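Since every read-out is calculated from the coordinates, none of them should be taken as a lab result. The model shown is predicted, which means the values in this text are computed figures rather than measured ones. Methodologically, a virtual Cβ is constructed for each residue, glycine included, from the backbone with ideal geometry; neighbour enumeration extends over all protein chains shown.
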Amino acid sequence: MLVESENIVKNPLVSIRVLVYNAEKYLRKCLDGIVMQKVDFPYEVIVGEDCSTDKSREICLEYQQKYPDRFRLILQEKNLGLIGNLLSIRQLSRGQFLTGVAGDDYWCLDTKLQMQVDYLREHPECGLCYTNVITCDDDGNENPQPILTKETQPTTFEEQLFSACYMAPNTWMSRKSVADKIGEQQSWFTDESLATALDFLHESNMHFIDVVTTVYRVHEGSLAAQTDPKKKWKYEHGLMKMQVYYAEKYHCTEDLIMKLKLQEYVHFIPVALEAGDVAFVEEAMAYARSQGMEIKWVVEKWKEYVRYHQQYEMIRKSETYKLGKFLLKPLKWLKK
């Protein structure tokens, strides 16, 4: 169900997409970060509320009534999940430029939108620009250290294909014309922002603005921060499959695809070993041999590392280790 006022802006330059599900604890901070923006252009805020079981829907309605010229709500009648909710928002976006933020994250700079619009206006060859970001925990405690560094940001499709660099999707602003050209993407279990970045880098330029504009909330147990070996491997293996898929989708050379596969096989061997996926390790060794290489010695070294790491984790989690740390606390205090 779409909820919007007759006074809603008619020709927004920017469409801001907000995905909401059970974000009651954080949602007001997210929406306040949007309405505080200082801009010289009209924008719309399209909120997809995906049948939350908390008071998220009531908060969304509160902001729509308070800012009727800006907020458009999609109140889902049944839970669609992340992808379904996003697709419903995409269909309603009217702006030339697209941006968004998850309901539990927030923008911390009131000139974010203006800065990115100005850049895209001045650089028609650029399809997407993004900024730096910091993190906070579930209680809102911010880590002031920016996540991204300018030197490591990819500038070409090939660089991103090999690095799978995190590019802070909650800071992105893109051209709708380029997004429409790319069209619908294949759905991935893992970080879909990598797929979007690869598509944009193939179709246009991307630009990194080294200014912190956004705070990304890191939840315990999130996909990219998994400590469980099997869940971590599922995430990492998904990244590898995505990289190979995009190399083949855009018809990269056989030599480049071979180098990519070798890099990924060797890189992910320790994660696979820790998760107990012996079949993947054998697959990696077989592929290397098919390319005239032998990586058995690499596998043996990784096996030694994994055994050491597993032993260390067992010791660190033991009651004896915890007791020892507790008993040593007074000594550390005296040393200071």
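When the alpha carbon gyration tensor of segment 7-87 is reduced to an equivalent ellipsoid, the three semi-axes, largest first, read 21, 14, 11 Å.
Beyond a 19 Å Cα-Cα separation, which of these cross-linked pairs lie in this structure: K29/K112; K232/K259; K181/K249; K150/K176; K25/K234; K55/K78? Where the Cα-Cα span goes over 19 Å, the pairs concerned are K232/K259; K150/K176; K25/K234.
Apply 1/(1 + (r/R0)^6) to the Cβ-Cβ distance of E158 and D210, taking R0 = 22 Å, and write down the FRET efficiency to the nearest 0.05. Before the final figure, lay out each step's value.
Values: r = 22 Å, r/R0 = 1.01.
With R0 = 22 Å, the Cβ-Cβ based efficiency is 0.50.
Counting only DSSP beta bridges with both residues in the chain, tell me the antiparallel percent, nearest 5.
Numbers: 11 of 39 bridges.
Here the antiparallel bridges make up roughly 30 percent for the chain.
A convex hull fitted around the alpha carbon atoms of segment 113-177 yields 126 Å³ per residue. Summing Cβ point charges (Lys, Arg +1; Asp, Glu -1) relative to the Cα centre of the chain gives a dipole of roughly 1040 debye. Overall dimensions of segment 46-134, expressed as equivalent-ellipsoid semi-axes from the Cα gyration tensor (√(5λ), whole Å, largest first), are 26, 15, 13.
Find, to one decimal place in angstroms, the Kirkwood hydrodynamic radius of segment 85-154, where the mean of 1/r is taken over every pair of different Cα atoms and then inverted. If you can, show how the numbers build up before the last one.
Values: mean 1/r = 0.0681 Å⁻¹.
Here the Kirkwood hydrodynamic radius works out to 14.7 Å.
Residue by residue, segment 168-180 carries 3J(HN,Hα) couplings of 6, x, 6, 10, 5, 9, 10, 7, 5, 4, 6, 4, 5 Hz when phi is fed to the Karplus relation 6.51 cos²θ - 1.76 cosθ + 1.60 (θ = phi - 60°); x denotes Gly or Pro.
Here each label is just a point 7 Å from Cα along the line to Cβ, and for Y250 and V218 those points are 2.9 nm apart.
What per residue convex hull volume, in Å³, comes out for segment 229-273 when only alpha-carbon positions are used?
Working: hull volume 2.0 nm³, N = 45.
Normalising the Cα hull of segment 229-273 by residue number yields 45 Å³.
Here R90 and K301 are evaluated by their C-beta separation; at R0 = 45 Å the FRET efficiency comes out at 0.45. The value given for the chain is a Kirkwood hydrodynamic radius of 22.4 Å, derived from the mean inverse Cα-Cα separation.
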